[in-house]
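The values are calculated or read from the model by the stated rules, or taken from the named source; none is laboratory data. Keep in mind it's a predicted model, so treat the numbers as computed, not measured. With ideal geometry, Cβ positions are generated from the backbone for all residues, glycine too; neighbour counts draw on all protein chains shown.
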Amino acid sequence: MKGRHLLGRVLHVLLVLSLIYTLLRLLYWSFLRLAEDAQQGNFAPHPMSDDPEKPSPQKIAESLNTLWLSYDLDHCRNVCEASRVACRLRDCWYVEGVKGWN
């Protein structure tokens, strides 16, 4: 009876140690991959539009994240370029010169 109890404790300790070892290896591997990616600098550039009238992603984000006067054409154009729902919520859907959503 004591032998089974001792064997169970030893197996439990081995299981816990193997799981901890696996977790630490996984963390080490993931941080190593992050460091390699940071050194290589493989960052995806923002897509640029061929249309000079189309706003950049930075301008769209600025318009979505700031408060502005209603019916400001530039902000309305940027918001409506990004999202139909945001365009309707900001009451820009009937301003001239914005993207029309079908």
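Of the listed requirements (1) modelled with pLDDT of 80 or more; (2) part of a loop (DSSP other than H, G, I, E, B), SER18 misses just one: (2).
Each row is one residue, and each column tells you yes or no for (1) at pLDDT 80 or above; (2) part of a helix (DSSP H, G or I); (3) of a type in the set (Ser, Thr, Tyr).
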| site | (1), (2), (3) |
| --- | --- |
| VAL10 | yes, yes, no |
| LEU14 | yes, yes, no |
| LEU24 | yes, yes, no |
| LEU32 | yes, yes, no |
| GLU53 | no, no, no |
| GLN58 | no, yes, no |
| ALA61 | no, yes, no |
| CYS76 | yes, yes, no |
| GLU81 | yes, yes, no |
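Given TYR71, TYR28, TYR94, which one is modelled with pLDDT under 75 and surrounded by 10 or more Cβ atoms within 10 Å (Cβ to Cβ)?
On the way: TYR28 fails: modelled with pLDDT under 75; TYR94 fails: modelled with pLDDT under 75.
Unique residue meeting the criteria: TYR71.
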